[in-house]
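Heads up, the thing below is written out as structure tokens.
The values are calculated or read from the model by the stated rules, or taken from the named source; none is laboratory data. Worth saying up front: this structure is predicted, and the values here are computed from it rather than measured. Cβ placement follows ideal geometry from the backbone for every residue including glycine, while neighbour counts extend to all protein chains displayed. The accessibility values were calculated without ligands, DNA or RNA, using every heavy atom of the protein model including side chains. Shrake-Rupley method; radii C 1.70, N 1.55, O 1.52, S 1.80 Å.
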Amino acid sequence: MSETENNLVKVTVDGQAVEVAPGTTIMQACEEAGAEIPRFCYHERLSVAGNCRMCLVEVENAPKPVASCAMPVAPDMVVSTTSETVKTAREGVMEFLLINHPLDCPICDQGGECDLQDQALGFGGDASRFDDNKRAVENKNMGPLVKTIMTRCIHCTRCVRFAQEVAGVPEIGAIGRGEDTEITTYLEASLDSEMSGNVIDLCPVGALTSRPYAFTARPWELRKTETIDVMDALGSNIRVDMRGREAMRIMPRNHDDVNEEWLSDKSRFVWDGLNTQRLDRPFIRQNGKLTPASWDAAFDLVESKLKGKGAATAAIAGDLVCAEGQFALKGLMDALASPHVDCRQDGAKISGPRGNYIFNASIAGIEEADALLLIGSNPRLEAPVLNARIRKRYLMGDFPIVAIGEAVDLTYKAEFIGAGADTLADLLAGKQSFADTLKNAKNPMIIVGQGALTREDGAAVLAAAIELAAKTGASFNMLHTAAARVAGLDLGLVPGEGGHDVAGIQDAAQSGTIENVIFYGADEIAGASLGDAFVVYIGSHGDRGAHRADVILPAAAYTEKQATYVNTEGRAQMTEQAATPPGEAREDWKIFRALSARLDVTLPYDNLAALRAAMYEAVPHLAQLDDVIAADAPVAPPHDGLGAEAFTYAVNDFYFTNPIARASAIMADCAKAKNEPKNRGDSSEGTGTDG
């Protein structure tokens, strides 16, 4: 028997004996015994406040009911959760909570999902003895995402604790005393956080609700589909709520090893971009203008240009595309005998074994680290939920963080020791003291951002980071910004022998060597860089790639297909189809299959099951859904030496990083609010908060 098992504390809850670890709260022990404990202020991922008192229980020999969320268990403690004393106490607490709460349920967006409604029914009384006028509280400005009706607030302080502890942007707090207490943003400025929407989920009443979703639907009208987010490379687990085929909202799902239960604002509020600027029919360019066409007419034109010109055809995969589509594209390019294929749309110099391009320590592994080096990465904008995980570890203490790049506010204290590759070279040579910190740490981490790899010396930066990790014993971790990137690299969407990368394709297109380019969801490449090449665009939105195209073949968005995505740590996850593609749009792999038949290089599968069987045979770990498969050790790639310029970050405009976000009016409102001057003095400057 282990030492932990020897030290278990025996507690009796409603006559049932349970054994729990020392330090467990009474509430947790009661839940272990199967007893339901109501609560408003308590949340598993936030500090204990103990201020709503809804979780009162009766403890034997205690003079009065006890707040179970804040009291640890003691040996042989006897707890009752159903006694008359507990029932009366909870009814009294609920009566006080409802004294000033308005009767807004018929017009409140929280209706049907409201903890206060549910617990008032289950644990409250049937009448109120309060006859005085209810107080009213002025609504607060929390920006374009969070709607406030603060008269409904019950002062649970979940939003305050989330902003302080998780988001690291302590801009919400309480002012006043007693009945005059109000929750507000400091200096009445909108929330300056990329995770502000999480306070909507945390609010147990209708005080904080979604402004874009306001008055649009009731929860029982919506069809709910559990799927995966693709707005960054984290692979957050989400739920998409649809009415008909229109996306109405996106909410997080719990996954302890990926996003816990948090979600970035872009992932949460980008849903209106799924409904606008959609490509719902094929287009062909005639007389300089894109005009609607049939699938047959579009395929006829593509066939006339590509047939027999495989070596003069190139393909570029974008940031939001799925593994199945990339596998089909790779199969098509191989059948055409073209080595000119690349999934690194941003030009990142990534090569080598799988350990070179995944987050080897895993996202949850951040909590086990004891030193961190960031190289050319701003995780606050590149992966806000992962950044919150770093902050979580930072708040545990004894976690030195050093960064190389432009000094920015990361929501935790980080020492910026330099801006460019020369600092990285000094670390590798042992000229920086943090090299010794990494070497002496038990579980150090190095995180490399995409901004450090898209430079001319990206391969040298990658090699230096891998060498530094090997020298200091640190884990090497790459933070991607594109949801499609790891799957593309796994599937080999990189130039073959004699093939061109993205920059080479652009140069060859301008010189005329490359005559045809397939854009598979590639929307971040300037159209003018392709010269007079014939461009086929396969994607879901009328964005930059479609504007440059000579033929547009409409494809499904990530919510409209069952598809595989691999996140930055190499975890394969499957999306589920929440809606059908609009109009004549088709799933990506079907387009490539039909196109291959037209070009007389028919791909050897006719359905999704056959495609996946071939894909799993080629890359077996893609079949192991939700598992992180250990990769081979990183190997430094060949390079030409480090440059001198400073690192830039891959994401500077957080709200406009992809075609779905650029189609979203909500994201435009967020960007506008972000750029508006705020009356906050110098508080928005600096390189971190002290937590």
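Return a yes/no flag: does the stretch 99-116 have any residue that is closer than 29 Å to ARG380 by Cα, of a type in the set (Asp, Glu) and surrounded by 20 or more Cβ atoms within 10 Å (Cβ to Cβ). Show your work before the answer.
From the stretch 99-116, those closer than 29 Å to ARG380 by Cα are none; that's our starting set.
No, there is no match, as no residue in the stretch 99-116 is closer than 29 Å to ARG380 by Cα, of a type in the set (Asp, Glu) and surrounded by 20 or more Cβ atoms within 10 Å (Cβ to Cβ).
Listed here are the residues, each with its yes/no results for (1) at pLDDT 95 or above; (2) touching a Ser or Thr at 6+ places or on another chain (Cβ under 6 Å); (3) buried (at least 22 other Cβ atoms within 10 Å of the Cβ).
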position: SER433; (1), (2), (3): no, no, no
position: ASP436; (1), (2), (3): no, no, no
position: LYS439; (1), (2), (3): no, yes, no
position: ILE447; (1), (2), (3): yes, yes, yes
position: GLN450; (1), (2), (3): yes, yes, yes
position: LEU453; (1), (2), (3): yes, no, yes
position: GLU456; (1), (2), (3): no, no, no
position: VAL461; (1), (2), (3): yes, no, yes
position: ALA465; (1), (2), (3): yes, no, yes
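For the stretch 143-159, indicate whether the set of residues that are farther than 21 Å from GLY197 by Cα and not aliphatic (A, V, I, L, M) is non-empty. If you could, list the steps in order and put the result at the bottom.
Our first condition is that a residue be farther than 21 Å from GLY197 by Cα; within the stretch 143-159, this holds for none.
No, the stretch 143-159 contains no residue that is farther than 21 Å from GLY197 by Cα and not aliphatic (A, V, I, L, M).
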Identify, please: which residue in the stretch 426-474 is among the hydrophobic types (A, V, I, L, M, F, W, C) and part of a loop (DSSP other than H, G, I, E, B) and is, among those, farthest from ALA484 (Cα to Cα)? ALA429
So, in the stretch 226-262, how many residues would count as being under 8 Å from the mean Cα position of the chain (by Cα) and of a type in the set (Asp, Glu)? 2
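On the basis of being under 18 Å from ALA49 (Cβ atoms), among the charged types (D, E, K, R) and open to solvent by 10 Å² or more (accessible area, probe 1.4 Å), does GLU182 make the cut?
Judged against the criteria, GLU182 is a match.
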With respect to the numbered conditions (1) out of contact with any strand residue (DSSP E or B) (no Cβ under 8 Å at 6 or more places or on another chain); (2) part of a loop (DSSP other than H, G, I, E, B); (3) farther than 30 Å from ARG243 by Cα; (4) open to solvent by 30 Å² or more (accessible area, probe 1.4 Å), which one is the sole condition not fulfilled by HIS500? (1)
Which condition breaks for ALA311 when tested against (1) crowded, with 22+ Cβ neighbours inside 10 Å; (2) assigned to a helix (DSSP H, G or I); (3) more than 21 Å from the chain's Cα centre (by Cα); (4) not hydroxyl-bearing (Ser, Thr, Tyr)? (1)
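Here's the yes/no breakdown for (1) under 30 Å from ALA610 (Cα atoms); (2) among the polar types (S, T, N, Q); (3) in contact with a Cys (Cβ under 6 Å, 6 or more places away or on another chain):
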position: GLY488; (1), (2), (3): yes, no, yes
position: ALA503; (1), (2), (3): no, no, no
position: ALA509; (1), (2), (3): no, no, no
position: ALA526; (1), (2), (3): no, no, no
position: ARG544; (1), (2), (3): no, no, no
position: ASP550; (1), (2), (3): no, no, no
position: GLU569; (1), (2), (3): yes, no, no
position: THR580; (1), (2), (3): yes, yes, no
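Condition first: in a loop (DSSP other than H, G, I, E, B) and among the β-branched types (Val, Ile, Thr). Now tell me which residues in the stretch 629-673 satisfy that. Step through it out loud before you land on a result.
Let us first name the residues in the stretch 629-673 that are in a loop (DSSP other than H, G, I, E, B), namely 629-645, 647-653, 657-658, 663-664.
Once the filter is applied, which keeps residues that are in a loop (DSSP other than H, G, I, E, B) and among the β-branched types (Val, Ile, Thr), the stretch 629-673 yields ILE629, VAL635, THR648, VAL651, THR657.
Please specify each residue of the stretch 263-293 satisfying the condition of being of a type in the set (Asp, Glu) and either surrounded by 19 or more Cβ atoms within 10 Å (Cβ to Cβ) or in contact with a helix residue (DSSP H, G or I) (Cβ under 8 Å, 6 or more places away or on another chain) (or both). First the steps, then the outcome.
Within the stretch 263-293, the subset of a type in the set (Asp, Glu) is 265, 272, 280.
The answer is ASP265, ASP272.
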Filter the stretch 49-85 down to residues that are assigned to a strand (DSSP E or B) and of a type in the set (Gly, Ala, Ser) and give me whichever is surrounded by the most Cβ atoms within 10 Å (Cβ to Cβ). ALA67
Lone unmet requirement of (1) surrounded by 15 or more Cβ atoms within 10 Å (Cβ to Cβ); (2) assigned to a helix (DSSP H, G or I) for ASP296: (1)
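Hand me the list of strands (runs of 3 or more DSSP E) wholly inside the stretch 203-262 holding 2 or more residues that are in contact with an Asp or Glu (Cβ under 8 Å, 6 or more places away or on another chain) and open to solvent by 20 Å² or more (accessible area, probe 1.4 Å).
Working: elements: 208-210, 223-228, 237-243, 246-252.
Correct list: 223-228, 237-243, 246-252.
Looking at this structure, is THR291 in a strand (DSSP E or B) and of a type in the set (Ser, Thr, Tyr)? Even if it seems obvious, please write down each step before you answer.
On the way: in a strand (DSSP E or B): yes; of a type in the set (Ser, Thr, Tyr): yes.
For THR291, the condition - in a strand (DSSP E or B) and of a type in the set (Ser, Thr, Tyr) - is met.
Only one of these is more than 23 Å from ALA49 (Cα to Cα) and in contact (Cβ under 8 Å) with a residue 60 or more places away in the chain: LEU202, LEU116, LEU121, LEU145. Name it. First the steps, then the outcome.
Values: LEU202 fails: more than 23 Å from ALA49 (Cα to Cα); LEU116 fails: more than 23 Å from ALA49 (Cα to Cα); LEU121 fails: in contact (Cβ under 8 Å) with a residue 60 or more places away in the chain.
Exactly one of LEU202, LEU116, LEU121, LEU145 is more than 23 Å from ALA49 (Cα to Cα) and in contact (Cβ under 8 Å) with a residue 60 or more places away in the chain, namely LEU145.
Could you say which residue among ALA483, ALA465 is of a type in the set (Gly, Ala, Ser) and over 24 Å from the mean Cα position of the chain (by Cα)? If you could, list the steps in order and put the result at the bottom.
Working: ALA483 fails: over 24 Å from the mean Cα position of the chain (by Cα).
Residue meeting the stated conditions: ALA465.
A quick yes/no check of all residues on (1) in contact with a helix residue (DSSP H, G or I) (Cβ under 6 Å, 6 or more places away or on another chain); (2) closer than 17 Å to GLU324 by Cβ; (3) without any contact (Cβ under 8 Å) to a residue 60 or more places away in the chain; (4) part of a loop (DSSP other than H, G, I, E, B):
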residue: GLU524; (1), (2), (3), (4): no, no, no, yes
residue: SER529; (1), (2), (3), (4): yes, no, yes, no
residue: TYR537; (1), (2), (3), (4): yes, no, yes, no
residue: TYR565; (1), (2), (3), (4): no, yes, no, no
residue: GLU569; (1), (2), (3), (4): no, no, no, yes
residue: GLU576; (1), (2), (3), (4): no, yes, no, yes
residue: LYS590; (1), (2), (3), (4): no, yes, yes, no
Could you pull out the residue among ALA631, ALA661, ALA636 that is hydrophobic (A, V, I, L, M, F, W, C), open to solvent by less than 60 Å² (accessible area, probe 1.4 Å) and in contact with a Phe, Trp or Tyr (Cβ under 8 Å, 6 or more places away or on another chain)? ALA661
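Condition check ((1) under 24 Å from ILE238 (Cβ atoms); (2) buried (at least 23 other Cβ atoms within 10 Å of the Cβ); (3) over 23 Å from the mean Cα position of the chain (by Cα)) across all residues:
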{"site": "LEU553", "(1), (2), (3)": "no, yes, yes"}
{"site": "GLU569", "(1), (2), (3)": "yes, yes, no"}
{"site": "GLN577", "(1), (2), (3)": "yes, no, no"}
{"site": "GLU584", "(1), (2), (3)": "no, no, yes"}
{"site": "TRP589", "(1), (2), (3)": "yes, yes, yes"}
{"site": "SER596", "(1), (2), (3)": "no, no, yes"}
Out of everything in the stretch 402-422 that is among the small types (Gly, Ala, Ser) and part of a loop (DSSP other than H, G, I, E, B), what residue ends up being surrounded by the fewest Cβ atoms within 10 Å (Cβ to Cβ)? ALA407
Quick one: TYR565 ticks every box in (1) surrounded by fewer than 19 Cβ atoms within 10 Å (Cβ to Cβ); (2) closer than 26 Å to GLN450 by Cβ bar one, so which box is it? (1)
Would you please list the contacts, defined by Cβ atoms under 6 Å and residues six or more apart or on different chains, that run from a residue in the stretch 328-346 that is on the phi > 0 side of the Ramachandran plot to a residue that is at pLDDT below 95? ALA337/GLY310
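Run down LEU603, LEU611 and say which single residue is at pLDDT 95 or above, surrounded by 19 or more Cβ atoms within 10 Å (Cβ to Cβ) and not in a helix (DSSP H, G or I). Full working, then the answer.
On the way: LEU611 fails: not in a helix (DSSP H, G or I).
Only one candidate qualifies: LEU603.
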